[in-house]
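The structure that follows is given in the form of structure tokens.
Just so it is clear, none of the values below were taken in a lab; they were calculated from the coordinates. Note that the structure is a prediction, hence the values are computed from the model and not measured. Counting neighbours? That spans all protein chains shown, and the Cβs are built from the backbone with ideal geometry, glycine included.
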Amino acid sequence: MNSSYSTLRLILGDQLNANHSWYKEKDNSVLYVVAELHQEQKYVKHHVQKIQAFFAAMESFSTALTKAGHDVIHLTLDDTEGQTLDDVIIELVRRFNVNQFQYQQPDEYRLAEQLSKISHDYLNNIEVFSTEHFFLEQSELKNYFKFNTAHRMEAFYRKLRKRFNILMDGDEPVGGEWNYDSANRNKMKQADIEKVPQPLQFTNDVSTINARLKKHNISTIGTGGNSLLWPINRSQAKELLAFFLDNCLPLFGYYQDAMVYENNDTSSSLWSLYHSRVSFALNAKMLSPGYVIKQAITKYQNSDKVSVEQIEGFVRQILGWREFVRGIYWINMPSYKSLNGLSATNDLPDYFWDGNTKMACMSQAIKQSLTTAYAHHIQRLMVTGNFALISGLHPDQVDDWYLGIYIDAIEWVELPNTRGMSQFADGGLLASKAYAASGNYINNMSDYCKNCHYNVKLKTEDNACPFNALYWNFMVEHENKFKSNPRQSMVYRNWEKKTDADKDALLQRADWILKNINKI
Ligand code: FAD
Ligand code: SF4
């Protein structure tokens, strides 16, 4: 390492893109800094595996850059104690007589603001670069999104399919349809459950990271030992993707919405079913969305096991949903973060932190999340998210929970999914309807209800599924918002067909549940 450098380049924990143009040439007048920051452990309480995974991936990235001949300083929590990100940068600028500071545009509004405010007294030469990760540059988002305006993923997705020529046959979509979602709503039968592949899990040693977390009293949620199952470098991330393409893509879309009751430990094969689990690798930028999509399409083209329904379903999640929620986030921040369109005010029940509830679906989704830092999309949307929505839980508390617990949770992707898609707190900027459902939906897509204390068929009895009364109570409470929505008006016609006695009993049962929400 030199005693002085002309340029300091910051690499944030979610900017581990080895293919970035920064690294194309070795330049020993440039010092790269990768830093474990105390501020990043405290803005929300994170799952222990999430911190382990980010720290291990950052360390591994620094080592790889150093081996490739770049000058890198890797700072641990020991080195950065008592310092903010600004302090770390300013200290390095002074220590190495740096005259230029460069960083990649953060994906989180909070960090983008913090970096844009770094004092020009210390740094008068600051340059911001693209992360070279997404399909759309951040500066292009304004061409696709308008502030405080409703947008729909499908229209956006089609534009991107055409623009980037993905799964296109000339001007037409491959297979003739743009979207095969309707083919993707199958429940798993016992025989299907037995065929689910054992998920590929790594055994990365994170004992030194655990020691640092302990030494610095970093408070976490969830469980995590000295061996981490998540990928921590590009080579492991590619291995995980290859495993998915070989073993899961052929049935990915088919069972995308299915949920299966299991034992909540990582030795079970059922905690991720046919999902890819590449969200952490993508969000930390170890893999690019372009690379993942290209590999998946190559598999589709070379394998007779992957149908067009499966590949389209997978591409839509990444080219469609992932880029779409980012656009909604950036065009609407910072006000998006405090939207509460349904005026929800209730507190998160205690079982969100330990899974100890008699509701099998909630217990399953929460305990699995605490054990693995993962739940798949329908568990997040239609179990925990749905419950929070129909129970009127405050979106700030719901957001904090999702932002902390999942391995892939970074605000730009977590916030629109939670506050927008799941809690409808943005009044429909992202979703065309509130994803509220009774127990019937969960029973259709899972075997949870068979394993539950409650009876999904009952509505008002003491052992009736809580989702049933809560659902009707929610729809009635927000009738003025939803009745005119063509996707939800049918619900009100069904409500009107009920007798007054049935209506009263449902609302009374919901009232009891809400007053006793910690006991159910
Ligand atoms: P797969 O099912 O295999 O899908 C493939 C990839 O598509 C994912 O890795 C992801 O990159 C992308 N994708 C799929 N759905 C979405 C979506 N709705 N938004 C953005 N990308 C998507 N995803 C996150 O990455 N971080 C979050 O913090 C996050 N929070 C969520 C909170 C709620 C309430 C909900 C309903 C969804 C959230 N999602 C989040 C979206 C989605 O649930 C996860 O991306 C997915 O479960 C990750 O698992 P996977 O990699 O196995 O995904
Ligand atoms: Fe969940 Fe209700 Fe089914 Fe129990 S009966 S698992 S609470 S949907």
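To make sure I understand the rule: partners must be lysines, Cα under 22 Å from the Cα of K215, and not fewer than 8 residues away in the same chain. Which ones qualify?
Those lysines meeting the cut-off are K42, K45, K50.
Turning to a different aspect of this structure: Starting from the 7 Å offset along Cα-to-Cβ, what nm value, one decimal, do you get for the label separation of S219 and Q198?
Here the modelled spin labels are 3.9 nm apart.
Apply the Karplus parameterisation 6.51 cos²θ - 1.76 cosθ + 1.60, with θ equal to phi minus 60°, to every residue of region 461-477 and state each ³J(HN,Hα) to the nearest whole Hz, in sequence, with x for glycine and proline.
Couplings: 6, 4, 9, 6, 4, x, 4, 5, 5, 4, 4, 5, 4, 5, 5, 5, 4 Hz.
Give me the log10 of I(q) over I(0) for the chain at q = 0.05, 0.07, 0.10, 0.12 Å⁻¹, as the Debye formula computes it from C-alpha points; what are the numbers?
The calculated log intensity ratios at q = 0.05, 0.07, 0.10, 0.12 Å⁻¹ are -0.21, -0.41, -0.83, -1.20.
Then there's this: To make sure I understand the rule: partners must be aspartates and glutamates, Cα under 13 Å from the Cα of K67, and not fewer than 8 residues away in the same chain. Which ones qualify?
E59
With the contact rule set at Cα under 8 Å and sequence spacing of 6 or more, what percent relative contact order holds for the chain?
16 percent
Can you compute the helix-only [θ] at 222 nm over the chain? Use -39500 (n - 2.57) per DSSP H run of at least 4 residues, normalise by all residues, nearest 500 deg cm²/dmol.
After summing the helix terms and dividing by the residues of the chain, the value is -11000 deg cm²/dmol.
Put +1 on the Cβ of every Lys and Arg and -1 on every Asp and Glu Cβ in region 234-340; which of I318, I328, L241 then has its Cα farthest towards the positive end of the dipole?
Farthest along the dipole direction, towards plus: I328.
In whole angstrom, how far apart do the alpha carbon centroids of region 135-163 and region 64-119 sit?
Region 135-163 and region 64-119 have Cα centres spaced 32 Å from each other.
Could you order the peptides 505-511, 386-392, 335-341, 55-61 from most to least packed, using the average number of other C-beta atoms within 10 Å per residue?
386-392, 55-61, 505-511, 335-341
On to the next question. In nm, what is the difference between 0.36 nm times the number of residues separating D86 and N186 and their Cα-Cα distance?
31.0 nm
From the residues V48, H133, A183, which one has its Cα farthest along the dipole of the chain in the positive direction, the dipole being from +1 and -1 charges on Cβ of Lys/Arg and Asp/Glu about the Cα centre?
Final value for the positive-end residue is A183.
Given 5 Å bins starting at zero, what is the percent of C-alpha pairs of region 385-520 in each, up to the one with the largest pair distance?
Here the calculated profile for region 385-520 is 2, 10, 17, 21, 20, 17, 9, 3, 1, 0.
Only Lys, Arg, Asp and Glu count, each charged at its Cβ (+1, +1, -1, -1), so figure out the dipole size of region 1-84 about its Cα centre, rounded to 20 debye.
Result for region 1-84 is approximately 240 debye, rounded to the nearest 20.
Among A436, F387, M421, which residue has its Cα furthest toward the positive end of the charge dipole of region 369-517, with +1 on Lys/Arg Cβ and -1 on Asp/Glu Cβ?
Sorting the options by dipole projection puts first A436.
For F129, what residues show an amide H to amide H distance below 5 Å, using hydrogens built from the backbone and excluding near sequence neighbours?
Amide H neighbours of F129, under 5 Å, 5+ apart: Y103, Q104, Q105.
Same structure, new question: Explain nothing, just the number: dipole magnitude of region 57-121 about its Cα centre with +1 on each Lys and Arg Cβ and -1 on each Asp and Glu Cβ, in debye rounded to the nearest 20.
260 debye
I would also like to ask the following. Which of the three applies to region 90-228, rounded, prolate or oblate, going by the alpha-carbon gyration tensor with a ≥ b ≥ c and a/c under 1.5 meaning rounded?
oblate
Sequence gap at least 6, Cα distance under 8 Å: using those rules, report the relative contact order of region 165-249 to the nearest whole percent.
This gives 27 percent for region 165-249.
If you don't mind, there's one more thing I want to ask. About the Cα centre, and with charges only on the beta carbon of Lys, Arg (+1) and Asp, Glu (-1), how big is the dipole of the chain? Nearest 20 debye, please.
920 debye
Lysines within cross-link reach of K159: Cα-Cα under 26 Å, excluding same-chain residues under 8 positions apart?
K142, K146, K285, K294, K299, K433
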